[in-house]
Amino acid sequence: MGNWKTSANACLIAAVALAAWAAPSPAQTWPQRTVRIIVPVPAGSSPDVAARLFADRLAARWGRPVIVEDRPGADGLIGTADFAALHDDHVLLFAPAAPLSVYPVIKDKLSYDPDRDVLPISTVAETFGTISVPASLPVKTLAELFEHARARRGQLNWASGGGAFPIVFAGFLKSAGIEMIEVPYRNQSQALQDTAEGRLHVMLTPMTPTLPFVQAGKLRAIAVTNSARSPLWPDVPTATEAGFPALTFEGLLGVFAPRDTPRERLDRISAEIGSIAAQPEIASRLAVAGQIVRAGTPAEFSAAIAAQRAKIMSIVRLIGRPNG
């Protein structure tokens, strides 16, 4: 009798163990319904293009619809805050890193906790930052630009497309002792138009909106702020190659999950994004949108954001925090 009970118990334990082993983990069973991806910038922008590219391929892998929702405004802060407030495990954020790396340093108050409410999953790409001047300005390099500015102390002006650009450029000017006037713009398109017409002397902005003006011969791109050159502009040097490494800043673009997302799920989505990013077609499609592929793990993305935040903090200590 005892042997029978022992044998039965052993069978029961084995069955329970087998069931536990066979049962899918929470990461494997997710998603169970439509996944929404919030993009906190306008439709048609380079992050939006990348988001839709990855959404299509993730939908095919997951067997569930993946819908992209653009919620632009306030340099990405509105869409990021909306995402954080939803607390929905079937909503992801596809966004530049600035809401986590730049704005926690320069804003008085955020409606979300950048260290708890928005969890990095994976970088997807780097957007190219460009430094351009009017074609009419007699400079072709960064060195010539700053020599031109030194000879005309306080007479040249500049504008930017927001994010890290104004902080990084203002910090460089302060360190180099160069006086140029920043002109604030609410509309990036208007700033580009004014630069093309010579009313502005320097414009710092992502590559995509700058491309048509360069192709039309109205703007001259003299550097990119990334560590590598753009495939679209192989002849345009990086800021470091031009001799000004302080102007290097990579526009990280990636995917984020809401707070309390299981680590297993973060790792799984990261691996899937990495697999998609490795497809040759993705690199060519992103290049047209002014980006290069850059996939990574949650830990690598978190470290990159922390490094950018530290750089912004060091610059703000030098120049002070901008209003707002």
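The set of residues from region 215-225 being surrounded by 21 or more Cβ atoms within 10 Å (Cβ to Cβ) and in a loop (DSSP other than H, G, I, E, B) comprises just one member, Thr225.
Take the conditions out of contact with any strand residue (DSSP E or B) (no Cβ under 7 Å at 6 or more places or on another chain), more than 22 Å from Val91 (Cβ to Cβ) and buried (at least 20 other Cβ atoms within 10 Å of the Cβ) and apply them to Ile315. Does it pass? Spelling it out, Ile315 is indeed out of contact with any strand residue (DSSP E or B) (no Cβ under 7 Å at 6 or more places or on another chain), more than 22 Å from Val91 (Cβ to Cβ) and buried (at least 20 other Cβ atoms within 10 Å of the Cβ). Take the conditions in a helix (DSSP H, G or I), within 18 Å of the chain's Cα centre (by Cα) and of a type outside the set (A, V, I, L, M, F, W, C) and apply them to Pro212. Does it pass? Judged against the criteria, Pro212 is not a match. Taken together, the residues in region 32-51 that are outside any strand (DSSP E or B) and buried (at least 18 other Cβ atoms within 10 Å of the Cβ) amount to 9. In the condition set (1) in a loop (DSSP other than H, G, I, E, B); (2) within 28 Å of Asp82 (Cα to Cα); (3) not aromatic (Phe, Trp, Tyr), Asp235 is compliant with all but (2). The residues of region 288-300 that are at pLDDT below 90 and of a type in the set (A, V, I, L, M, F, W, C), listed by number, are Val288, Ala289. Pairing each residue of region 261-277 that is closer than 16 Å to Ala55 by Cα with any residue that is surrounded by fewer than 16 Cβ atoms within 10 Å (Cβ to Cβ), provided the two are 6+ apart or on different chains, yields C-beta distances under 7 Å for Arg268/Ala27; Glu272/Arg61. If the condition is being part of a helix (DSSP H, G or I), of a type outside the set (Gly, Ala, Ser) and touching a helix residue (DSSP H, G or I) at 6+ places or on another chain (Cβ under 8 Å), then region 152-174 contributes Ile167, Val168, Phe169, Phe172, Lys174.
Ala228 falls short on exactly one of the conditions (1) surrounded by fewer than 21 Cβ atoms within 10 Å (Cβ to Cβ); (2) outside the structural domain of Asn187 (by TED's automatic domain parsing); (3) aliphatic (A, V, I, L, M), and that condition is (2). Taking region 130-151 as the range and being in a loop (DSSP other than H, G, I, E, B) and without any contact (Cβ under 8 Å) to a residue 60 or more places away in the chain as the test, only Pro138 passes. Evaluating Leu100 against the criteria (1) under 19 Å from Thr297 (Cα atoms); (2) assigned by TED's automatic domain parsing to the domain that holds Leu232 leaves one unmet condition, (2).
The values are calculated or read from the model by the stated rules, or taken from the named source; none is laboratory data. What you see is a predicted model; the values in this text were computed from it and never measured. Cβ: placed from backbone, ideal geometry, glycine included. Neighbour counts: every protein chain shown.
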